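Report on the following structure.
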Amino acid sequence: MFTYEKKLQYPVDIKRPNPLYAQIILSQYGGPDGELGASVRYLSQRYSMPYPELKALLTDIGTEELGHLEMVAAIVHQLTRNLTTDEIEKSGFAPYFTDHTVGVYPASASGVPFNAAALAVKGDVITDLHEDLAAEQKARTTYDNILRLVDDPDVRDPIRFLREREIVHYQRFGEALRLATDRMNSKNYYAVNPAFDQ
Amino acid sequence: MTDRRKLLARLSASQFAAWELRIYLDTHPCDRVAADLLARYTKETAALKAEYERQYGPLTVANPEEADWQRDPWPWDYQGSDD
C-alpha cells in the first residue's frame with residue numbers, strides 16, 4: 001500500500017506566474033518521458049522482477065517518481081496562478097486553457113494527452129532494465145531542454161533537482177543491470193529470461 | 001523564511017539524505033558505512049518529523065487530528081517568497 005506525506009520532496013516556491021513555462025514543464029507531468037510514465041513503468045515492471053534487491057530498487061525509484069510527479073504538478077500549478085486572459089492569449093497557453101482552464105492535466109508540451117505507449121513493460125529482466133536506463137536519459141534530456149528555455153531561478157532550482165535525480169537513478173539502474181547479469185548464466189543470458197524460463 | 005519553513009527544510013534535507021542512502025543500499029547491500037549513515041539519518045529524520053508535527057500539524061493520516069490534516073497550506077500551494 002501507499003501512504004501520503006503532506007510535503008514535497010524538494011521545495012517549490014515560484015513568485016512569478018508564467019503560462020508559457022507551465023506549458024513547457026507540463027511535459028514532465030504527462031509527456032512521453034515524464035514522471036507519470038516513470039512511476040508507472042517501474043512500479044509495473046517490479047512484478048516480473050525475480051530478484052529481491054531489484055524488486056526493492058524498482059519499488060523505491062517508482063515511489064520517488066510519484067514524489068517527482070507531485071513536484072512537477074506544483075510547478076505547473078504555481079506558474080498558472082492569477083493569470084489574466086490577456087496573458088493567456090499572448091503566451092500561447094490559450095489552447096490548453098480552453099480544454100483544462102488552469103487544471104493540471106497529464107499531457108505533453110505539444111498537447112498530446114498521456115499515452116501508456118510511451119513506456120514499456122516487457123516482462124524480461126534485461127530488456128526492462130535497458131528500457132529504464134534509456135528512460136532516465138530521455139527524462140534528463142527533457143529537463144536539459146526545459147533549462148535551455150527557462151530563465152526564472154525559482155523555476156530552474158527545482159528543475160535542476162529533478163534533473164540530478166535522473167542521473168542518480170541511471171547510475172542505480174546500471175548497477176541493477178550488472179547485478180542481474182551476475183545472477184544469470186554468463187554464457188547465455190541473452191537467451192534466458194529469468195522472469196519466465198525456469 | 002519563517003520558522004516553519006526552516007524546520008521543513010531541515011526535515012527535507014535529512015529525509016533526502018536517508019532516501020539517497022536507501023536506494024544506494026538497494027544495489028550495495030554490503031556497504032556498512034552507508035548502512036550506518038542510513039541509521040543515523042533515519043533517526044534524525046524521525047526526530048525532526050516529530051518536532052514538525054508537534055508544532056505545525058500532521059504530515060500523514062496516521063496522526064488523528066483531522067482538522068489539522070485538512071488545514072492549508074497543502075504542499076503545492078504557493079506560500080509566498082518570504083512567508
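Structure notes:
- Average partner coverage of A:2-15, which counts Cβ from other chains inside 10 Å: 6
- Angle in degrees between helix A:35-45 and the longest Cα principal axis of chain A, rounded to the nearest 10: 20
- Cα gyration tensor shape for segment A:53-138, rounded if a/c is under 1.5, else prolate or oblate: prolate
- Dipole magnitude (debye, nearest 20) for chain A, charges at Cβ of Lys, Arg, Asp, Glu: 180
- Square roots of five times the Cα gyration tensor eigenvalues for the protein assembly as shown, Å: 34, 26, 15
- Label-to-label distance, A:HIS130 versus B:THR60, with points set 7 angstrom from Cα along the beta-carbon direction: 3.9 nm.
- Calculated FRET value between B:GLN70 and B:CYS30, using beta carbons and R₀ = 41 Å, to 0.05: 0.35
- Legend: mean number of C-beta atoms from other chains within 10 angstrom of residue C-beta atoms, peptide B:11-20, equals 2.
- Charge tally for B:THR27 (other residues, Cβ to Cβ under 10 Å; Lys, Arg +1; Asp, Glu -1): -2.
- Viscosity 0.890 mPa s, temperature 25 °C, Stokes-Einstein D of segment A:107-158 from Kirkwood C-alpha radius, µm²/s: 186
- The calculated FRET efficiency for A:VAL168 paired with B:ASP3, based on their beta-carbon distance and R0 = 51 Å, is about 0.95.
- Principal-axis tilt of helix A:153-183 within chain A, Cα atoms, nearest 10 degrees: 10
- For chain B, the longest principal axis of the Cα atoms and the long axis of helix B:32-56 meet at an angle of about 10 degrees.
- Chain B: proportion of alpha-carbon pairs further apart than 22 angstrom, %: 38
- For segment A:1-48, the square roots a ≥ b ≥ c of the C-alpha gyration tensor eigenvalues yield an a/c of 1.5 or more together with a/b not exceeding b/c, which makes the shape oblate.
- Using 0.36 nm per residue and subtracting the Cα-Cα separation, the extra length available between B:ARG40 and B:ALA13 on full extension is 8.4 nm.
- Two-site FRET efficiency, A:ASN115 against A:ARG178, from Cβ-Cβ distance with R₀ of 35 Å, rounded to 0.05: 0.65
- Size estimate for segment A:19-183 follows the Kirkwood approach: the inverse of mean 1/r over distinct Cα pairs works out to 16.4 Å.
- Cα centroid separation, segment A:11-61 to segment A:95-139: 9 Å.
- MRE, 222 nm, helices only [DSSP H, n ≥ 4, -39500 (n - 2.57), over chain A, to nearest 500]: -20000 deg cm²/dmol
Read-outs throughout are calculated quantities, based only on the coordinates presented, and are distinct from any laboratory measurement. This is a predicted model, so every value here is computed, not measured. All Cβ positions, glycine included, derive from the backbone under ideal geometry; neighbour counts span all protein chains shown.
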